[in-house]
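Just so you know, all these numbers are worked out from the coordinates, no wet-lab data involved. Everything numeric here is computed off the predicted structure, so don't read it as measured data. A quick note on method: Cβ atoms are made from the backbone with ideal geometry, for glycine too, and the neighbour counts reach across all protein chains shown.
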Amino acid sequence: MSEQLPVNPIMLKWARESAGVSIAEVVKKLKRKTVTAETVASWEQGEGSPTYPQLEEIAYKIYQRPLALFFFPEPPQEESPQESFRTLPNHTIENLPHQIRLLMRKAKAMQINLAELYENTNPAPRQILRDLSFAPNVSHVEMADSIRDYLGISLSEQASWQDSTQALKNWRNILEKYGVFVFKDAFRVESFSGFCLYDDVYPIIYVNNSTAKNRQIFTLFHELAHLLFRTGGIDTPSDNYLDYLDGDNRRIEILCNRFAGEFLVPRDDFDNKILGMPITDGAIQELAETYHVSREVILRKLLDRDLVNKRIYEAKVQEWNESAQQRSGKGGNYYSTQGVYLGERYLETVFTRYYQKNISLRQVADYLDVKEKNVPGMENLLYTKGGAA
């Protein structure tokens, strides 16, 4: 007989209803002759429970929730997108793609995982969100200087990093060192580069791993700014939504972009480098490689200085975006990809708890959001560090 699991029937019903799925749809998607509408209804009433393979399929393929969620004593309190992203206009939030909403739900589940793994404390001795705060009228230059000083990373050190891959890995490690948790995923929605969820203890940044490494770096700092203003945020290539904002919300959104650009490419250093420099594609590429940012960031700074006009700026950005889409590929090693998504620190934390016999193998699978049979492959990543950021 297949093993029956002590899942919480309340969680089964909550997950189905919050996913907007009917019992009939669950049965149809499961495609199992032994599971009827009466079976699913009985699980939700606490009369029996799904087997582990059935629960995996329900969790990952139908409700798209972490498996561990179904063992919670009660449903987590989830903020609405309007509550999480208060600086964005309602029409932008209402039109969020389904995939982005699923990733936000996944991010909230990760916050619950972190609370369990770290026993409701942030492990970072120094936490940037605890130590720093800024008013919406702060100068983006002052903000960038303060944060660079806090992180202790000089421009010369930043320039010494080999390439954007190393830069992205280093910036991710630095933010995690100071109490910000960074995860990645393939968003499968080109118009979204990342988002963040604010929390006093477990602030999270989620980055679209499908974008270029230098774009991901910009996203990290755009979202860090949102967190420092104690709000969630979304990073998109377009800022058309700014026209629908006013007051502090508008100031914060503008500041987040300006801060990220200023932090990564400080104005004084940039002005010295471009002094007398011909503005060519080669020069833009060289500057982008020096700071480990996208060519768009460099071109934007040139636009702000009236060294290129808006027509050239928009044409170049469109050209680069189309070129990047043509080069984008799919595939890769499953385990390496999952390791990149979760990050070294998170993997180490989960397996350390396992080696200390604080959690079971099944719980490891739940925390890593993989099937139990894939845990050994994830474990091997601990012995092959140094992969992609």
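For Glu47 and Arg311, FRET efficiency with R0 = 56 Å and r from the beta-carbon atoms, rounded to 0.05?
0.25
In nm, give the distance between the simple-model label positions of Asp145 and Glu116, each being 7 Å from the Cα along the Cα-to-Cβ direction. About 4.6 nm, to one decimal. Between Ser360 and Leu155, the modelled label-to-label distance comes to 5.6 nm, taking each label 7 Å out from Cα in the direction of the beta carbon.
In region 133-233, Cα pairs under 8 Å separated by at least six residues give a relative contact order of 26 percent. Each of Met277, Met378 was scored by other Cβ atoms within 10 Å of its Cβ. Arranged with the fewest first, they read Met277, Met378.
Against the chain, whose longest principal axis is taken from its Cα atoms, helix 98-117 shows a tilt of about 80°. Working from Cα pairs under 8 Å separated by at least six residues, relative contact order for region 337-383 is 38 percent.
Sorted fewest first by neighbouring Cβ atoms within 10 angstrom, Val375, Val141 come out as Val141, Val375. Its DSSP H runs of at least 4 residues, each contributing -39,500 (n - 2.57), put the calculated 222 nm mean residue ellipticity of the chain at -16000 deg cm²/dmol, to the nearest 500. The amide H of Val182, built 1.01 Å from its N in the peptide plane, has Ile205 as neighbours under 5 Å, considering only residues 5 or more places off or on other chains.
Think of each Lys and Arg Cβ as +1 and each Asp and Glu Cβ as -1; about the Cα centre, that makes the dipole of region 1-75 roughly 340 debye. Computing Rg and the Kirkwood Rh from the Cα coordinates of region 337-383 gives a ratio, Rg/Rh, of 0.91. Holding the Cα-Cα limit at 31 Å, pick out from Lys108/Lys316; Lys106/Lys301; Lys273/Lys316; Lys108/Lys373; Lys29/Lys357; Lys61/Lys213 the pairs that are longer than that. In this structure, Lys108/Lys316; Lys106/Lys301; Lys29/Lys357 exceed 31 Å between Cα atoms. Projecting the Cα positions of Ser191, Ile128, Asn209 onto the charge dipole of region 77-264 (unit charges on Cβ atoms of Lys, Arg, Asp and Glu, taken about the Cα centre) puts Asn209 furthest along the positive direction.
Using C-alpha pairs below 8 Å separated by at least 6 residues, the relative contact order for the chain is 15 percent. Shown here for region 1-64: GluC sites (Glu not before Pro) in loop regions (DSSP other than H, G, I, E, B) with at most 15 other Cβ atoms within 10 Å, namely Glu3, Glu47. Remark: the chain carries a charge dipole of roughly 1000 debye about the Cα centre, counting +1 on each Lys and Arg Cβ and -1 on each Asp and Glu Cβ.
Note that region 171-183 has calculated 3J(HN,Hα) couplings of 5, 4, 4, 5, 5, 5, 4, 9, x, 10, 8, 10, 10 Hz, one per residue in order, obtained from phi through the Karplus relation 6.51 cos²θ - 1.76 cosθ + 1.60 (θ = phi - 60°); glycine and proline are x. Here r is the Cβ-Cβ distance between Asp269 and Asp200 and R0 is 41 Å; the resulting FRET efficiency, rounded to 0.05, is 0.75. Taken along the Cα-to-beta-carbon direction at a fixed 7 Å, the label points for Lys61 and Asp281 span 4.7 nm. In this structure, Glu190 and Ile10 have a Cβ-Cβ separation that, at R0 = 41 Å, corresponds to a calculated FRET efficiency of about 0.60.
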